[in-house]
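Everything on this sheet refers to the single structure shown next.
The values are calculated or read from the model by the stated rules, or taken from the named source; none is laboratory data. Remember, it's a predicted structure, so these values are computed and weren't measured experimentally. Reconstructed Cβ throughout: ideal geometry from the backbone, glycine too, with neighbour counts over all protein chains shown. Accessible surface is based on the protein model in full, side chains and every heavy atom, while ligands, DNA and RNA are left aside. Shrake-Rupley method; radii C 1.70, N 1.55, O 1.52, S 1.80 Å.
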Amino acid sequence: MQNLVHDHRTRLGWSQQKLAEELDVSRQTIISIERGRFDPSLPLAFRLAVIFGTTLEELFIPDDTTPSRDAKGTPGISLDSPP
């Protein structure tokens, strides 16, 4: 999953440490999120969105934005591609 955490953080003029303190997480957690090595939990993702005044959809971008379809053509999880 891609994200715009770095862009929003720098727009506010905040350091990684400042954001970490606001979220009560480590600076390493912020680094890992910004580099795409760690996807935050849903509660943490919501807190990020609130701090940045945006939505989850605008902050986090799925790697595959095309919804999969099952054998009946119904949107859902595809067995042909990994989750």
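Suppose the filter is at positive phi, modelled with pLDDT under 95 and open to solvent by less than 90 Å² (accessible area, probe 1.4 Å); does G36 pass it?
It is true that G36 is at positive phi, modelled with pLDDT under 95 and open to solvent by less than 90 Å² (accessible area, probe 1.4 Å).
Table: residues versus (1) modelled with pLDDT under 95; (2) open to solvent by 70 Å² or more (accessible area, probe 1.4 Å); (3) of a type in the set (K, R); (4) touching a helix residue (DSSP H, G or I) at 6+ places or on another chain (Cβ under 9 Å).
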| position | (1), (2), (3), (4) |
| --- | --- |
| R11 | no, yes, yes, yes |
| S15 | no, no, no, yes |
| L19 | no, no, no, yes |
| E22 | no, yes, no, yes |
| R27 | no, yes, yes, yes |
| I30 | no, no, no, yes |
| R47 | no, yes, yes, yes |
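With respect to G53, is the statement that it is open to solvent by 30 Å² or more (accessible area, probe 1.4 Å) and at pLDDT below 95 true?
Against the criterion (open to solvent by 30 Å² or more (accessible area, probe 1.4 Å) and at pLDDT below 95), G53 does not qualify.
Quickly run through segment 1-46 and pick out the residues that are outside any helix (DSSP H, G or I) and of a type in the set (K, R).
R35, R37
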